[in-house]
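Presented below is the structure to which this report refers.
The values are calculated or read from the model by the stated rules, or taken from the named source; none is laboratory data. On a predicted model such as this, the values are computed, not experimentally measured, just so you know. Here Cβ is always computed from backbone atoms with ideal geometry, including for glycine, and neighbour counts include all displayed protein chains. Just so you know, the surface numbers come from the protein's heavy atoms only, side chains and all, with ligands and any DNA or RNA stripped out. Shrake-Rupley method; radii C 1.70, N 1.55, O 1.52, S 1.80 Å.
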Amino acid sequence: MSEQPRKQRRSQEERSASMRRKLLDATVDCLIEHGYSGTTTTRVADRAGVTRGAQVHHFHTKAELVIAAVRHLAERRSVLDAEQIERLRRAPDKIDAGLDLLWSVHQGPVFAATMELWTAARTDPELRAQLNQIEPAVTASIVERGSAIFPSFAEHTSFRHWVYTAMDTIRGLLVAEFIDADERRLQQRWQRAKGHLRLAAEALAVEIGATS
């Protein structure tokens, strides 16, 4: 008899977690489709296929919902499995593979939603404060991936700075895409930028006496 309440509680926790994930995924979808200003709690509830009451039960305000979505997006952006890391470590050209990895993690709907939040944070102090807490952890996760691919570089501050510069370059290219959505030109710009980043990586290898 004593086991039944515990099973019921676990089931309720699972249902609650499932509902939260559904609402957070719907928030991300709304950010992509409607932008930050067009992401409303009513629209999120409709997108998630839940009642407004169910949404309010989990997130009372848009601010609560968006802040939770910030963390949800950060978790999704930080995912990279061990198999992919190992494949990149075995790549014949690890610099090229590493740069393509950085490019790939900044693509797709998850990053598009993130950029909506970054833009909105310029005039929203509460959102900006949340992003300032979370983004360093995402960046650290990306640097950690790079360290796993280039273990001989890992302990050098210059390597982290190179990763930061590569990410800044990629994000700048993607912001420019807002006004010029031509995919062919974007790829040309990336290949040009990648060539310069590659030269910097090769110079760094010489500077620290490391092998890629």
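Segment residue 62..residue 177, full-extension length gain: 38.6 nm, with 0.36 nm per residue of separation and the alpha-carbon distance subtracted. Calculated mean residue ellipticity, 222 nm, the chain: -26500 deg cm²/dmol, from DSSP H runs (n ≥ 4) at -39500 (n - 2.57) each, averaged per residue and rounded to 500.
Computed from the C-beta positions of residue 187 and residue 122, the FRET efficiency with R₀ = 30 Å rounds to 0.60. Annotation: aspartates and glutamates with alpha-carbon distance below 12 angstrom to residue 94 (same-chain offsets under eight excluded): 86, 202. Annotation for residue 42 and residue 144: the two label points, set 7 Å from Cα along the Cα-Cβ direction, are 4.2 nm apart.
Sequence-distant contacts, meaning Cα pairs under 8 Å at least 6 residues apart, place the relative contact order of region 89-205 at 30 percent. Net charge dipole, the chain: roughly 540 debye, given to the nearest 20, about the Cα centre with Cβ charges of +1 for Lys and Arg and -1 for Asp and Glu. At full extension, residue 112 and residue 33 could sit 27.5 nm farther apart than now, given 0.36 nm per residue minus the alpha carbon distance. As a length-normalised measure over Cα pairs under 8 Å and 6 or more apart, the relative contact order of the chain settles at 20 percent. Spin-label pair residue 20-residue 208: with each label point 7 Å from Cα along the Cα-Cβ axis, the two points sit 3.7 nm from one another.
Rolling a 1.4 Å probe over the protein heavy atoms gives region 76-212 an accessible area of 55 Å² per residue.
Among the chymotrypsin sites (Phe, Trp or Tyr not before Pro) in region 134-195, those located in a DSSP loop and surrounded by at most 11 other Cβ atoms within 10 Å of their own Cβ are 178.
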